[in-house]
Amino acid sequence: MAKYRHIYTTFWADPKVLEEFTPEDKLFYLYLLTNEHTNQIGIYQITKKQIAFEIGYSTESVNALLQRFIDHHKIIEYNAENRELFIKNWAKYNLIKGGRPVLDCVRKDLDGIKTIDFVEQSLNLVEKPEIQGLFKQKYDSLTSRETNRTTISGQKEKEKQKEKQKEKQTQNGILLFDEEFGKVVRFYEENFGPLSPFVGEELNFLTKTYPSDLVLEAFKETRMNQSVRKPINFANRILQNWHEENINTIHDLEMKRKRGEQNAINSRGSQENGGTSNPYDVARGYCSE
């Protein structure tokens, strides 16, 4: 059976694609739909290194794009432990025909899938009864296997698996899936615009260099300056200055701010005679572009 994928021409007229997708988003989504690892069911195994190699992006850029499609567009999911990617609407547009060849392909592709949640979501989207039956069989098999494993290994083993997954994510540099880093990504997109691959790499660098909560605070200060044209550079300079002042934790920053408030009270008279009244003018002074 020839391996090819249907792409509806209405893809380019879809409101979500027109209004929300950046050029990188369009390229990336078409790749996810048509790469050689795809299969008949829309759930397939692929590593981030494979994606990076095949589209010519860095691993950090791929992480940024995956995070954007998971959290912002909400049209894919990725299981880092099983390295399985799930295209949410695949069943709606592709699992619409029956017949022996299709059923054989679906059965074969389901055989190696490990992520129960992906199978369950697809099961709820499939309309063809014969295909739905195959997904139900796979779901029951995975559920039974998971129940038996839990009974044998117990809760401690489940916790150990979660820790291993976290270690794999850290070892592979998948920082974009860290909860704290996710806050930085969401804050940037909400206040400064879409996350391009370049910006994703820069954010990744900042959070590797400084604590994520301090990076988030630097962007909050950056937001206060309406004239900033390059928020990444501005936030980086704030972080550099904090580091030079031995501000390495949120506690250090809070203590600095308290001292600043007290100094402002003590020097209010001198400020009225020509000093600055805006605490962010200090940041603007050493972060001027």
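The values are calculated or read from the model by the stated rules, or taken from the named source; none is laboratory data. It should be emphasised that the depicted structure is a prediction, and the values quoted were computed from it without experimental measurement. Counting neighbours? That spans all protein chains shown, and the Cβs are built from the backbone with ideal geometry, glycine included.
Name every residue in the range 3-57 that is β-branched (Val, Ile, Thr), outside any helix (DSSP H, G or I), over 21 Å from the mean Cα position of the chain (by Cα) and surrounded by fewer than 16 Cβ atoms within 10 Å (Cβ to Cβ), in order of residue number. Break it down into steps so the answer makes sense when it comes.
Of the residues in the range 3-57, the ones β-branched (Val, Ile, Thr) are 7, 9-10, 17, 22, 34, 38, 41, 43, 46-47, 51, 55.
Applying the additional criterion that residues be outside any helix (DSSP H, G or I) yields 7, 22, 38, 41, 43, 46-47.
Subset that is over 21 Å from the mean Cα position of the chain (by Cα): 7, 41.
7 - this is the single residue of the range 3-57 that is β-branched (Val, Ile, Thr), outside any helix (DSSP H, G or I), over 21 Å from the mean Cα position of the chain (by Cα) and surrounded by fewer than 16 Cβ atoms within 10 Å (Cβ to Cβ).
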query = Do we find that residue 91 is surrounded by fewer than 21 Cβ atoms within 10 Å (Cβ to Cβ) and small (Gly, Ala, Ser) in this structure?
reply = no
query = Quick one: in the range 64-86, which of the residues that are touching a helix residue (DSSP H, G or I) at 6+ places or on another chain (Cβ under 6 Å) and in a helix (DSSP H, G or I) is surrounded by the fewest Cβ atoms within 10 Å (Cβ to Cβ)?
reply = 67
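So which of 217, 254 ends up being surrounded by fewer than 19 Cβ atoms within 10 Å (Cβ to Cβ) and in a helix (DSSP H, G or I)? Even if it seems obvious, please write down each step before you answer.
Numbers: 217 fails: surrounded by fewer than 19 Cβ atoms within 10 Å (Cβ to Cβ).
Just one listed residue meets the conditions, 254.
Residue 121: surrounded by 13 or more Cβ atoms within 10 Å (Cβ to Cβ), at pLDDT 90 or above and not hydrophobic (A, V, I, L, M, F, W, C), yes or no? Spell out the reasoning first.
Numbers: surrounded by 13 or more Cβ atoms within 10 Å (Cβ to Cβ): yes; at pLDDT 90 or above: yes; not hydrophobic (A, V, I, L, M, F, W, C): yes.
So residue 121 fits the description; yes.
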